[in-house]
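Nothing in this text is a laboratory measurement; each read-out follows from the coordinates by a stated rule. What you see is a predicted model, and the numbers here were worked out from it, not measured in a lab. Glycine gets a Cβ as well: all are built from the backbone with ideal geometry, and neighbour counts include every protein chain shown.
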């Protein structure tokens, strides 16, 4: 199963040493390139930084409509957007098939 992390390259570069593919966003258009790569490479798990999820909210929501990849939002260096909590709630609800009051 392939695993990738999507976000600002300077924040996610360390994941490469863990064998996780990094999909860095540094300039306009990088998100669209990464999105195509995600669609075409059958990732099982996709980590996305909170700031990226916030900036590309509509596009990230599209990933939740598919069975794979499982999408998990991770905090960035200074993120306090609480997007991660909502993402985890959605992931758990998809897995269990019921709403949770977190």
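By the count of neighbouring beta-carbon atoms within 10 Å, fewest first, 43, 64 end up ordered 64, 43. For the pair residue 40 and residue 14, a Förster radius of 25 Å applied to the C-beta separation gives a FRET efficiency near 0.50, rounded to the nearest 0.05. In terms of surrounding Cβ atoms within a 10 Å radius of their Cβ, 5, 60 rank from fewest to most as 60, 5.
Ranking of 26, 8, 59 by neighbouring Cβ atoms within 10 Å, starting from the fewest: 26, 59, 8. With the highest mean first, a sort of the peptides 12-20, 30-38 on other beta-carbon atoms found within 10 angstrom per residue produces 30-38, 12-20.
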